[in-house]
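Throughout, read-outs are computed from the coordinates displayed, never taken from laboratory work. On a predicted model such as this, the values are computed, not experimentally measured, just so you know. Here Cβ is always computed from backbone atoms with ideal geometry, including for glycine, and neighbour counts include all displayed protein chains.
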Amino acid sequence: MISKTWLALGALFALPAYAELQALDDDTLSGMNGQGGVYLSGEFSINKDGGVLWSKPASNNPSTWTATQRSCANAGASTPENCGMRVAIRSEAEGGWYVLDNLKGVFSFEGLTLRTRTINSGFGGDGAAFNQDVLEFGLPNEVKFKDGSFAFGVANQGGWQNKSLSVANGGNPSYQQTNIFSAKIDGTIRMQGNVLVFPQN
Amino acid sequence: MRRLSVVGAMLLSAAAQAELQALDDQELSAVQGAGFGFVLDGILMDASGAVITINDINNASGQNVPIAVKEFYLGATGSNKGANLNPVNIGRLDHPFEITLAKGESLRTLRDDGQWVQTTPSNISVLEFKFPERLTGAGGQACISGYAAAGSNCSSRASERVDLGIRFDFQVAAGRTDIINLDFSELVMDGSYLRLWGDDPRGQLVGEARVNIFAKSLQLMSCAAGTANCTTAQEQTARTLTLSNAYANISLGYGKSQPLLFDVSSNGQFVLELPNPVTRAANGSARPLAERNAIASDFYANAPRTNIVIDNLKAGTGSFSTGGYNFGYNSIQGLSINYLKVTSRDL
Amino acid sequence: MRPTLGFANTALALICAGLISATAQAKMVELADNELSEVTGQAFINLTTDSNAGIDFTRINFGMNVETQLNMKKLQLGQYNDAVTRPGEVAGSSDLLINNFALGTVNADDSITPFKIANPYLELAYSGNKVVGVRIGFGEAKGILSGDIQSLTGNIPIKIQGSAAPIFDQASGWERFLLGIAGVTRSTRLQADATLVNAGGAADPVRAIMAGMTNGQTLGCVSGCNLGGLSDALLSLFASNGCQVLSLATCFPLSNFQSLPVGNMAINDSAATAAIEGAAKGFFISMQTQDVAWRDTDNAALINTLKGAFMNLPKYRDANGNMVAPINIDFDQAFNGIPRQDTCLGTATAGC
């Protein structure tokens with residue numbers, strides 16, 4: 001049985017080596033119609049149980065953390081929290097960083113569709129003049145978030161450093177991050193409709 | 001299998017020999033702008049089933065003041081403050097939302113007097129995120145229906161206007177929650193854009209932005225419908241600030257001589273800057289008088305200005321004798337910024 | 001393939017188990033107050049609350065330093081005709097109307113002397129759950145404010161202080177004689193308090209078009225009065241009445257003052273401190289549906305504002321602890337007006 005599978009697989013791999021791909025000419029290509037589409041449902045989580053850089057400490061007091069610990073709980077919270085993903089961008093030579101911090105949570109959706117569509121009518125009269133193909137993304141009926149969160153801020157270093165620890169202990173007292181705002185999202189957002197995408201010159 | 005690996009090796013070695021070479025200016029100039037447009041077809045969004053909390057705003061003792069966001073909806077006009085949501089098309093096929101990469105000299109901005117002018121510098125590549133563009137001429141729509149002063153050069157028709165609502169609950173103190181319940185009616189944002197490009201002498205990303213908001217009405221209710229003192233229509237009206245025929249054209253930056261600079265300083269604070277257009281030249285030398293005058297007159301003639309107009313601002317019933325007030329017409333017109341530097345600091 | 005998948009599964013399970021067990025062992029420890037502020041990144045916005053006489057206030061403070069030089073063709077707030085709230089006002093007038101409004105100035109070489117603002121805030125006043133007022137204020141403000149002021153509603157004390165020479169220039173022979181009797185010479189320094197008035201000399205904070213001495217106000221002696229305390233007493237015999245002291249005008253159209261200094265320009269701002277040295281404090285513009293007493297952010301006193309649109313540019317405590325007026329002009333500027341400073345780049349000086 002196994003050998004048959006390997007033979008079939010081998011045949012598949014070998015096939016392209018024998019068959020030569022030839023380009024279709026434009027006339028033939030334009031005669032082809034797209035059909036069908038894609039229906040997607042998915043769930044993905046980012047750092048749901050914390051990430052790889054920092055482990056969750058025992059308290060929310062930064063001066064008690066070790067070099068590899070960080071809690072991303074709010075000011076005033078009594079329990080520490082795992083930290084999400086961090087993205088930092090620097091838009092200026094020798095400048096500071098824009099930071100998208102603590103990006104985490106579980107995000108799931110059902111019913112995201114993707115297909116091509118020819119529009120040559122409707123849209124209050126615009127469709128007839130438009131007369132083009134578009135890529136239609138059908139929005140999922142529901143998007144669910146669970147414990148989603150992110151923070152947007154600015155910092156003077158790309159990577160996070162513990163301000164309350166000395167350099168010898170793995171921190172950096174001169175590290176400064178100013179959070180502009182942060183948000184938490186939980187629950188279901190209902191939506192409906194399509195996003196039509198087409199090239200523009 | 002063996003043949004496949006040989007083909008693979010050939011491909012790899014071929015790639016290794018190809019070297020990337022910079023395009024010279026002549027070749028670059030042949031590159032056309034390109035991008036894609038998108039239109040929202042039959043959109044409706046209702047986030048009333050989700051709990052969204054904005055954090056990181058602290059009170060005086062350093063504790064977080066959570067702001068709960070509720071009743072976030074987007075739908076067609078006539079939704080009666082979100083009670084009756086219907087899908088809406090946003091953007092037109094010939095004036096869609098756009099994300100494009102274009103040459104600076106091919107981009108245009110609509111000036112207050114209806115002329116299209118170039119505001120971005122030439123010979124650079126600009127990344128542009130754009131809302132549906134404005135439409136001058138016969139097809140232009142009134143940006144606010146029934147209010148001519150807002151202009152008639154929007155492209156979105158009545159069926160492409162939205163109702164948008166959002167409610168913020170601030171738990172400011174124990175036992176006290178401030179509510180701000182915003183409801184936009186017939187909202188359109190045609191002509192808004194964000195343009196970004198790299199500035200070599202400054203060594204950073206710079207930009208130019210415009211935010212246009214046109215709304216037939218914006219209502220700000222300071223209580224949550226259904227709670228104490230907020231149940232009858234009369235009580236709700238008494239607690240509502242109504243802005244009618246309101247529009248804002250906010251212009252930040254004029255690419256040719258005053259790009260918008262957003263930096264993060266080395267001590268972790270953000271700095272937003274609109275530099276003096278006639279500041280020193282790239283090599284640091286002071287500009288001669290004739291050049292300064294020329295830059296200044298180009299700036300005052302072509303740079304878009306900021307206007308914020310509220311045709312009628314009314315609190316409650318609008319009559320003082322019943323506890324309301326009618327503040328009438330309010331406006332800031334023709335705001336032009338020669339210099340601005342905003343630096344944040346910790347509180 | 002199957003064996004590798006199995007290994008991956010086991011590895012994942014082990015990692016998850018490790019994480020879960022780690023969290024189960026973490027103890028919850030309460031944070032002391034001084035530790036709380038260090039937990040997350042610093043913020044530049046904070047929210048404070050206040051309460052007075054049944055009105056609750058919520059203020060959003062922005063930790064920002066702003067330097068700007070800008071021009072506006074028109075700043076207009078509160079253009080309404082209402083016989084109940086604004087009886088007797090000219091139809092079509094506004095609570096606040098300034099044409100060609102500018103902040104900051106442009107120097108001859110097109111460099112800029114900016115208007116400086118520190119710690120702006122936005123505050124809402126609530127009566128129960130009804131918003132009765134909103135104000136935008138600046139913790140500190142310093143610079144030149146220019147414009148063609150058509151009407152102003154608010155509290156704007158002006159101090160006129162300087163040598164008496166311009167008064168002598170305006171005075172008739174008989175008035176010069178009277179001033180001489182009071183011990184006042186050309187080099188004497190006199191002072192007067194001015195505020196928003198109407199043409200009859202009564203204080204008129206609503207849609208005022210003139211500023212000057214209110215009825216009953218007198219000139220005071222600062223220095224150089226030859227008769228000492230007697231000078232003050234003699235000067236007090238000549239009180240301002242109907243916008244005149246004797247025949248000298250004591251009220252001036254606001255449109256004469258085309259550039260006003262806000263704060264003390266003589267004190268230089270030090271770049272080393274976040275505070276703006278010599279700044280006027282307590283500047284705000286508010287709109288309220290009833291008379292509201294807002295809290296002064298500088299000295300915690302209450303400022304009474306009138307219903308409608310209102311501009312408050314109050315007296316403030318300077319570095320020596322004295323209450324000083326935010327706008328200080330001399331008698332020459334009072335009589336002859338203050339010309340507009342250049343607020344435009346290039347060839348224009350105004351209206352750009």
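Per residue, the convex hull spanned by the Cα atoms of the stretch C:205-247 amounts to 93 cubic angstrom. In µm²/s, what is D for the stretch B:218-347 at 25 °C and 0.890 mPa s, where D = kT/(6 pi eta Rh) by Stokes-Einstein and Rh is the Kirkwood radius from Cα pairs? Once the numbers are plugged in, D ends up at 132 µm²/s. When Rg and the Kirkwood Rh are both derived from Cα coordinates, the Rg/Rh ratio for chain C amounts to 1.18.
Among the trypsin sites (Lys or Arg not before Pro) in the stretch B:207-315, those placed in a DSSP loop whose Cβ has at most 16 other Cβ atoms within 10 Å are B:ARG280.
Stokes-Einstein diffusion of the protein assembly as shown at 10 °C, 1.306 mPa s viscosity, Kirkwood radius from Cα pairs, rounded to a whole number: 50 µm²/s. Counting Cβ atoms of other protein chains within 10 Å of each residue's Cβ and taking the mean over peptide B:66-78 gives 1. Relative contact order of the stretch B:35-343: 13 percent, from C-alpha pairs under 8 Å at least 6 residues apart in sequence. The simple spin-label model puts a point 7 Å past each Cα toward its Cβ; for A:SER108 and B:ASN302 those points are separated by 5.5 nm. Using C-alpha pairs below 8 Å separated by at least 6 residues, the relative contact order for chain C is 18 percent. Modelled this way, with points 7 Å down the Cα-to-C-beta line, the labels at A:ALA93 and B:ALA34 are 3.0 nm from one another.
What shape does the stretch B:131-251 have by the C-alpha gyration tensor, where a ≥ b ≥ c are the square roots of the eigenvalues, rounded means a/c under 1.5, and otherwise prolate means a/b greater than b/c and oblate the rest? Oblate, since a/c reaches 1.5 and b/c is not below a/b. For chain A, the spread of Cα coordinates along the three principal axes comes to 70, 61, 39 Å, biggest extent given first. Could you tell me what percent of the DSSP beta bridges with both partners in chain C are antiparallel, to the nearest 5? Taking every DSSP beta bridge within chain C, about 95 percent pair in antiparallel fashion. All other residues whose Cβ lies under 15 angstrom from that of B:THR317 are scored, Lys and Arg at +1 and Asp and Glu at -1, for a net of +2. Each Lys or Arg adds one and each Asp or Glu subtracts one; over the other residues with Cβ under 12 Å from the Cβ of A:GLY42, this totals -1.
If you wrap the Cα atoms of the stretch B:35-343 in a convex hull and average its projected area over all directions, you get 19.9 nm². Coordinate range of the alpha-carbon atoms in the stretch C:47-197 per principal axis, descending: 63, 48, 33 Å.
Each residue of the stretch C:108-121 was assigned a 3J(HN,Hα) from its phi angle through the Karplus expression (A = 6.51, B = -1.76, C = 1.60, θ = phi - 60°), giving 4, 8, 6, 7, 10, 9, x, 8, 10, 10, 10, 6, x, 8 Hz with x at Gly and Pro.
With 27 Å as the limit, the listed pairs A:LYS104/B:LYS216; A:LYS104/C:LYS130; B:LYS256/C:LYS73 have A:LYS104/B:LYS216; A:LYS104/C:LYS130 beyond it between alpha carbons. The region of chain A that goes longest without hitting one of the GluC sites (Glu not before Pro) in a DSSP loop, each with at most 13 other Cβ atoms within 10 Å, is A:95-201. When chain B is treated as a GNM with alpha-carbon contacts under 10 Å, the residue of B:ARG287, B:ARG167, B:ARG157 showing the greatest mean-square fluctuation is B:ARG287.
Per the Kirkwood formula applied to alpha carbons, the stretch C:145-256 shows a radius of gyration over Rh ratio, Rg over Rh, of 1.00.
Counts of other chain beta carbons within 10 angstrom of each beta carbon in peptide B:270-280 average 4. Centroid-to-centroid, using Cα positions, the stretch C:288-352 and the stretch C:216-253 are 24 Å apart. Excluding A:LEU114 itself, calculate the net charge of residues whose Cβ lies under 15 Å from the Cβ of A:LEU114, where each Lys or Arg counts +1 and each Asp or Glu counts -1. Local net charge: -2. With the simple model of a label 7 Å out from the Cα in the direction of the Cβ, C:MET265 to B:VAL51 spans 5.7 nm.
Of the residues B:ILE54, B:ALA83, B:ALA102, the one whose Cα sits farthest towards the positive end of the charge dipole of the stretch B:35-343 is B:ALA102 (charges of +1 on Lys and Arg Cβ, -1 on Asp and Glu Cβ, taken about the Cα centre).
Excluding the site residues themselves, the longest part of chain C lacking any trypsin sites (Lys or Arg not before Pro) in a DSSP loop with at most 16 other Cβ atoms within 10 Å is C:187-352.
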